[in-house]
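Below is one structure; the comments refer to it alone.
The values are calculated or read from the model by the stated rules, or taken from the named source; none is laboratory data. The model shown is predicted, which means the values in this text are computed figures rather than measured ones. Cβ sites come from the backbone with ideal geometry, for glycine too, and all protein chains shown count toward neighbours.
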Amino acid sequence: MSDFMPWLYTHYIKPQIDAAPQGDYAFHIDLVRNNLRSTEWNSLSKAMEFTAIQAFLLGMRTGEELAVSRR
């Protein structure tokens, strides 16, 4: 993974995720946040970063395929 993707996560993807309405998920998010030790929180943060980057890349690839199929 290039150095650009972690930068993009920090400056674009994570702020978008943090700003998204949590709705019915707020209870579960708070439950996880309040029950993790600091070492576990660091591991969860890295796992969330990886997952968000992969989801972003999947969206990019899917969008490219949709554009090609519409031609």
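Which condition number in (1) at pLDDT below 90; (2) surrounded by 10 or more Cβ atoms within 10 Å (Cβ to Cβ) is the one that Val68 fails?
(2)
Being aliphatic (A, V, I, L, M) and closer than 18 Å to Ala55 by Cα is the filter here, so list the residues in the stretch 13-33 that pass it. Give the derivation first.
Let us first name the residues in the stretch 13-33 that are aliphatic (A, V, I, L, M), namely 13, 17, 19-20, 26, 29, 31-32.
Scanning the stretch 13-33 gives Ile13, Ile17, Ala19, Ala20.
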